[in-house]
Each structure stands twice: as C-alpha cells, then as structure tokens.
Amino acid sequence: MKKLIDGLQQFQTGYFSSHRQLFEELSHGQHPRILFITCSDSRVDPNLITQAEVGELFVIRNAGNIIPPFGAANGGEGAAIEYAIAALDIKQVIVCGHSHCGAMKGLLNLSSLEDTMPLVSNWLKHAEATRQVMRDNYGNLEGEELLEVTVAENVLTQLENLQTYPIIRSRLHQRNLTLHGWVYHIESGEVLEYDAVSHDFIALQSEIRTPEPEYNFHPTCPVSSSKSFPVPPASQSKGNHRQSVPIQTPLKNGGLASRN
Ligand SMILES: [Zn+2]
C-alpha cells in the first residue's frame, strides 16, 4: 500500500502538475473517442498499450472481456455501452482479448469452476458460444494453442454479443460506428486485429485502409440484390463473420499459421 501512496504523491507533484490544463479541461466534461472493452487482468493496461491520454478511452473491464447479450443480464456492461454510444457519441469500439487469459482458461474447464468459483462460472456462460465453437471445431488443438484460439474466438463472440444491443445495431445501420476485435500479447506487446476481409487476426496497422472493408453478410442470409431491399453496401462493422473465420494462431515470432 505504501507503494501506491508514494505513487499517488508522485502523480500529483509530477504528471498532474505538468498537465494541469488538461485536467482543468477534463473537469468540465469528457469526450472519449474510443470505447475499449477488455479483461480485468492486471497485465492488460489499455492506456499504456495504446499510449492514450487520460480522457481518450472509455473503458469497460471484466473477467474475459465479456459483453452479456442484450437483456441477458442487468449488469453494468449494458449501461456503460449505452452511455458510451448514446451520451458520449463514441464511434469506435474495441473488444480486446489477451494472451494467457485466466477467464478463457476457466471457460475451457468450466465444470471445475462450479464449486470453487460459482460466480465466475455463471459469468462465463455469456461466453458459451465461444466454448461450443471451440468444442465443435478445434478438437485438434490443446495447451497454449487451444487457449490462443479460444481468446481470439471469444473476441468474435463478444463482438456479436455487442451487436445485440439496439443502440449498436442502430449506429451500425447508420454506418456511424466501427467495431474492432483485438488480441493483445502480453509477452511481446504485439496486438493483432480481426480483419473481416481475410477473416483472420493480423498485425495491427496504423494506417486506416481506404476504403474500409466491405460488410460481410451472414453466409446463410444472402442479401437480395433487389432494389426493393436496399442494404448499406459498406457498413463498417468488422465483427459478425463467425461462420467463415479461418482463425489463425499467432506464433511467438509474430507470424501466422493457419489452424483451420
Ligand atoms: Zn483475461
């Protein structure tokens, strides 16, 4: 505790003093540009890994960077999402999983949690789709590989859960919101982003590609070409492509190996 108190004093005399004007401005209101949803894990620090300034990220954190589907839980996540989009007019959402995630390890061994951590076990039910995807499609994986792909698949699950929220659906329809799926690697500092075009997690690029990737529709719901049913041709959503995702496992050297 002493270390924290010393740190607080250091913050007040150092960083705060040299950024006094910024904090004065922030005292009148916040204008974050990004809703950043990530795990509670102490090794993941959104502001540190993005080098974002105070006031730039609106953050939701919980075990496993999970977003319960709309109506499934009366928790804080839905309220924070609604506030971020409706009140703060945030137009970019990032769901960020991470390597060595304890919550995802728990998801892979859910039955063992029921007695020892019943609340965690119950919470992880909001990632049941991830568990089933892994069980049905990745039976050949084990150990670290299994965990890495689970983390990535869970990011996609939570991007889909996110889209069950009316405010999210509406803003996507207006093409006024972009969803991003990230996986942060604790051991390398690397971040991979889900790419809707290649259906893969790839090294994050700083340049915004233009044009943005085309909206990929659900393969079982082909979009009619009839003009009587106009659909926005290039919605910026990146997170609803579960069926055709050839998840690739990021290797320790930063390369990619197909695991489909
Ligand atoms: Zn985690």
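Laboratory data are not the source of any read-out in this text; all were calculated from the coordinates shown. No experiment lies behind these values; they were computed from the predicted model shown. Reconstructed Cβ throughout: ideal geometry from the backbone, glycine too, with neighbour counts over all protein chains shown.
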ask   = Where the only charges are on Cβ atoms (+1 Lys, Arg; -1 Asp, Glu), what is the dipole of the range 1-98 about its Cα centre, to the nearest 20 debye?
value = 240
Inter-label distance for I167 and D89, nm, one decimal - labels placed 7 Å from Cα along Cα-to-Cβ = 1.4
request  = Would you kindly compute the Cα radius of gyration of the range 1-64 and its largest Cα-Cα separation (Dmax), both in Å?
outcome  = 13.6, 36
key: Evaluated over the range 106-174, the Cα radius of gyration and Dmax, each in Å   = 14.2, 45
inquiry  = Can you tell me the length gained on complete extension of the stretch R61 to E190, counting 0.36 nm per residue apart and subtracting the Cα distance?
reply    = 44.5 nm
task = Enumerate the amide H contacts of I34 below 5 Å, restricted to partners 5 or more residues apart or on another chain; note that Pro and chain-start residues carry no placed amide H.
result = F58
request  = Kindly state, to the nearest 0.05, the FRET efficiency for F11 paired with Q132, given R0 = 41 Å and r defined as their beta-carbon distance.
outcome  = 0.35
message = Quick query: amide H of T164 versus all other amide H atoms, modeled in the peptide plane; which residues come in under 5 Å with a sequence gap of 5 or more or a different chain?
response = F70
message = Using 0.36 nm times the number of residues separating Q51 and K125, minus their current alpha carbon distance, what extension gain do you get?
response = 23.4 nm
